[in-house]
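Novice: One structure follows; several queries about it will come next.
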Amino acid sequence: MTGLGVGWRCDWSIVGVGRVINLVRAPYRKQSAIMWESILTEWASLILRWLHVVAAIGWIGSSFYFIHLDLSLRPGSELPEGVHGEAWQVHGGGFYRIMKYLVAPAKLPDELTWFKWEAYTTWLSGFALMVVVYYLDAELFLVDKSILDLTPLQAGLFSLGSLALAWLLYEAACRSGLARHELAFALGGYLFLVALTFAFTHVLSGRGAFNQIGAIIGTIMVANVFAVIIPNQKKIVAALLAGRSPDPQLGLTSKQRSVHNNYLTLPVIVLMISNHYPLLFATRYNWLIVAIVLALGPIIRHFFNARHAGKKSPWWVWGLAGAGMVAIAMLSAAGPRDIKTGSLSAAPTFADIEEIILSRCSMCHAAEPVWTSIVTAPKAILLDDSDHIRRNARLIGRNAAWSSAMPPGNVTEMTGEERAKIAAWLAMPAR
């Protein structure tokens, strides 16, 4: 009995030590899980962004090249039957003679190169990136509770629904015949996108709104390839293989959608990189900035398309582009929409600023962040003591005073008065 009692006590001692060890290790296991989740998310974001950029370069490069080629074609008396025009080009030490058939050649060549996977890969990688960055961290990047108090699920469903609806409306407009009236269709499409942007900036965060309108334009572009251009090309090939004459309208419709993509390319590039520039997406008149970008992109493309076609260069384009850039700079200087510039009764002290930063920003920008999904300070910027705050004063201003980019989604509920205090402190000659 005595030995048994000792063994029993020893067993319980071992169990007790094991429980203590588990209690000690539990926080580290939790931290490790969070760390690995963060690492995997970061790597997924990097790989998808890399793939997205590489695919987009391939897609945009081929799109720009073929638009240039099509506009530079010239007729000739010695061209084969059915050829619309030819272009001579030199590149890499070699000369190239390129001919385009009005509809299709009488006989299909043995080798035919298709241009589609660049577009598909761009959209698939971009959508996956949107899921990783914006949907999985919706409370940080898609939702701003100071604009509209949405749950991450509501914001994600709104994003997906508007993505699909906008494309369906565009497709219906094209198929109705409205696209035949080029100028009216372009103006209508422009007003449609501006209206969407205005709506998005009153539902989602500024960063989320910019990404959403960029995603909609990108979806329209790749859908043009997937649902119209490639199917029409396949129908032309099938007709040739069957010994029939292809329908010329198939090529004309594909060309029309290709031109739409050409004029949408420059705006969508700006929108997709805008998340790096808080003075664009997180300011009071962010929707007007998008409106200017949506106008400048097609105007700039018009300059290059006119030159490719051998027409007189429209140099006035650069005057408008310069004016647009000045307008964007002025609008971005207006500050965030919730800043309360007239609410300050006295000049803020550094102690006031330090209290704001420590309470609103240091939960993430610290040596040991306390935000659940963040294990290291974003971009290695620390704001957890006075020296770090002074050293990063301009970054604080750019993200939290002159814009409302930080805190992301305003998760710590920084007020307009607090932003005004930071702006006033930054404007002081000696701080």
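The values are calculated or read from the model by the stated rules, or taken from the named source; none is laboratory data. Bear in mind the structure is a predicted one, so any value in this text is a computation, not a measurement. Here the Cβ is made from the backbone with ideal geometry for all residues, glycine too, and neighbour counts use every protein chain on show.
Here is a yes/no grid of residues against (1) hydrophobic (A, V, I, L, M, F, W, C); (2) in contact (Cβ under 8 Å) with a residue 24 or more places away in the chain:
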{"site": "144", "(1), (2)": "no, yes"}
{"site": "149", "(1), (2)": "no, no"}
{"site": "167", "(1), (2)": "yes, yes"}
{"site": "184", "(1), (2)": "yes, no"}
{"site": "193", "(1), (2)": "yes, yes"}
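Novice: Could you say which residue among 105, 109 is surrounded by 11 or more Cβ atoms within 10 Å (Cβ to Cβ), not in a strand (DSSP E or B) and not assigned by TED's automatic domain parsing to the domain that holds residue 215? Show your work before the answer.
Specialist: Details: 109 fails: surrounded by 11 or more Cβ atoms within 10 Å (Cβ to Cβ).
The conditions single out 105.
Novice: Okay, moving on. Find the residue count for segment 414-431, including only residues that are closer than 11 Å to residue 361 by Cα and assigned to a helix (DSSP H, G or I).
Specialist: 0
Novice: Is it the case that residue 223 is under 27 Å from residue 409 (Cβ atoms), assigned by TED's automatic domain parsing to the domain that holds residue 291 and in contact (Cβ under 8 Å) with a residue 24 or more places away in the chain? Quick ask: steps written out before the conclusion?
Specialist: Numbers: under 27 Å from residue 409 (Cβ atoms): no; assigned by TED's automatic domain parsing to the domain that holds residue 291: yes; in contact (Cβ under 8 Å) with a residue 24 or more places away in the chain: yes.
No; evaluated as a whole, the condition is false for this residue.
Novice: Would you check which residues across segment 81-93 are loosely packed, with under 11 Cβ neighbours inside 10 Å and over 38 Å from the mean Cα position of the chain (by Cα) and list them? Walk me through it before giving the result.
Specialist: Filtering segment 81-93 down to residues loosely packed, with under 11 Cβ neighbours inside 10 Å leaves 81, 88, 90-93.
Matches in segment 81-93: 81 only.
Novice: Follow-up question, since we're still on this one. So how many residues does segment 194-218 have that are of a type outside the set (Gly, Ala, Ser), part of a helix (DSSP H, G or I) and buried (at least 20 other Cβ atoms within 10 Å of the Cβ)?
Specialist: 10
Novice: Can you tell me which residue in segment 325-363 is farthest from residue 299 (Cα to Cα), limited to those that are among the hydroxyl-bearing types (Ser, Thr, Tyr) and within 29 Å of the chain's Cα centre (by Cα)?
Specialist: Step one: filter segment 325-363 for residues among the hydroxyl-bearing types (Ser, Thr, Tyr), giving 332, 341, 343, 345, 349, 359, 362.
Cutting the leftovers down to within 29 Å of the chain's Cα centre (by Cα) gives us 332, 362.
On the way: 332: 21, 362: 44 Å.
My answer is 362.
Novice: Please specify each residue of segment 119-149 satisfying the condition of being polar (S, T, N, Q) and farther than 30 Å from residue 257 by Cα.
Specialist: Our first condition is that a residue be polar (S, T, N, Q); within segment 119-149, this holds for 121-122, 125, 146.
Scanning segment 119-149 gives a single hit, 146.
Novice: Here's another thing I want to ask about it. Report, ordered by the first and then the second residue, all pairs with beta carbons closer than 8 Å, sequence separation of six or more or different chains, a first member in segment 360-380 that is free of Cβ contacts under 8 Å to residues at least 60 places away in the same chain, and a second member that is among the aromatic types (Phe, Trp, Tyr).
Specialist: Listed by first residue and then by second, the contacts come to 363/371; 364/371.
Novice: Considering only segment 129-141, I want to know if a residue exists there that is in contact (Cβ under 8 Å) with a residue 24 or more places away in the chain, over 20 Å from residue 45 (Cα atoms) and not charged (D, E, K, R).
Specialist: Among the residues of segment 129-141, not one is in contact (Cβ under 8 Å) with a residue 24 or more places away in the chain, over 20 Å from residue 45 (Cα atoms) and not charged (D, E, K, R), which makes the answer no.
Novice: Please find, within segment 391-423, the residue that is farthest from residue 207 (Cα to Cα) out of those that are in contact (Cβ under 8 Å) with a residue 12 or more places away in the chain and either among the charged types (D, E, K, R) or in the same structural domain as residue 138 (by TED's automatic domain parsing) (or both).
Specialist: Going through segment 391-423, the residues in contact (Cβ under 8 Å) with a residue 12 or more places away in the chain turn out to be 393-423.
After this cut, where a residue has to be either among the charged types (D, E, K, R) or in the same structural domain as residue 138 (by TED's automatic domain parsing) (or both) as well, the list is 394, 398, 413, 417-419, 421.
Values: 394: 20, 398: 14, 413: 17, 417: 22, 418: 21, 419: 18, 421: 23 Å.
Among those residues, the one meeting the criterion is 421.
So that you can scan it fast, the table gives a plain yes or no per residue for (1) under 30 Å from residue 74 (Cβ atoms); (2) touching a residue at least 40 places away in the same chain (Cβ under 8 Å):
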| residue | (1), (2) |
| --- | --- |
| 213 | no, yes |
| 245 | yes, yes |
| 265 | yes, yes |
| 275 | no, yes |
| 281 | no, yes |
| 297 | yes, no |
| 302 | yes, no |
| 325 | no, no |
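Novice: Could we say that residue 274 is under 18 Å from the mean Cα position of the chain (by Cα) and surrounded by 18 or more Cβ atoms within 10 Å (Cβ to Cβ) here? I'd like the intermediate steps shown before the answer.
Specialist: Numbers: under 18 Å from the mean Cα position of the chain (by Cα): yes; surrounded by 18 or more Cβ atoms within 10 Å (Cβ to Cβ): yes.
Answer is yes for this residue.
Novice: Moving to a separate point now. What are the pairs, 6+ residues apart or on separate chains, where a residue within segment 82-96 that is charged (D, E, K, R) has its Cβ under 8 Å from a residue that is surrounded by 13 or more Cβ atoms within 10 Å (Cβ to Cβ)?
Specialist: Close Cβ pairs satisfying both conditions: 86/73; 86/79; 86/99; 86/100.
Novice: Does residue 339 satisfy the condition of being within 29 Å of residue 199 (Cβ to Cβ), buried (at least 17 other Cβ atoms within 10 Å of the Cβ) and of a type in the set (Val, Ile, Thr)? Even if it seems obvious, please write down each step before you answer.
Specialist: Working: within 29 Å of residue 199 (Cβ to Cβ): yes; buried (at least 17 other Cβ atoms within 10 Å of the Cβ): yes; of a type in the set (Val, Ile, Thr): yes.
The answer is yes for residue 339.
Novice: Could you tell me which of the residues 127, 158, 198, 141 is under 17 Å from the mean Cα position of the chain (by Cα), modelled with pLDDT under 95 and not assigned by TED's automatic domain parsing to the domain that holds residue 372? Before you say what the answer is, go through the steps one by one.
Specialist: Numbers: 127 fails: modelled with pLDDT under 95; 158 fails: modelled with pLDDT under 95; 198 fails: modelled with pLDDT under 95.
Matching residue, one of 127, 158, 198, 141: 141.
Novice: For segment 91-104, enumerate the residues that are modelled with pLDDT under 85 and not small (Gly, Ala, Ser).
Specialist: Let us first name the residues in segment 91-104 that are modelled with pLDDT under 85, namely 102-104.
Passing the criteria: 102, 103.
Novice: If you take the residues of segment 44-53 that are under 15 Å from the mean Cα position of the chain (by Cα) and of a type in the set (A, V, I, L, M), which of them is surrounded by the most Cβ atoms within 10 Å (Cβ to Cβ)?
Specialist: Start the filter on segment 44-53 by keeping residues that are under 15 Å from the mean Cα position of the chain (by Cα), which leaves 45-46, 48-53.
If we keep only those that are of a type in the set (A, V, I, L, M) as well, we get 46, 48, 51, 53.
Details: 46: 11, 48: 20, 51: 17, 53: 15.
By that ranking, first place goes to 48.
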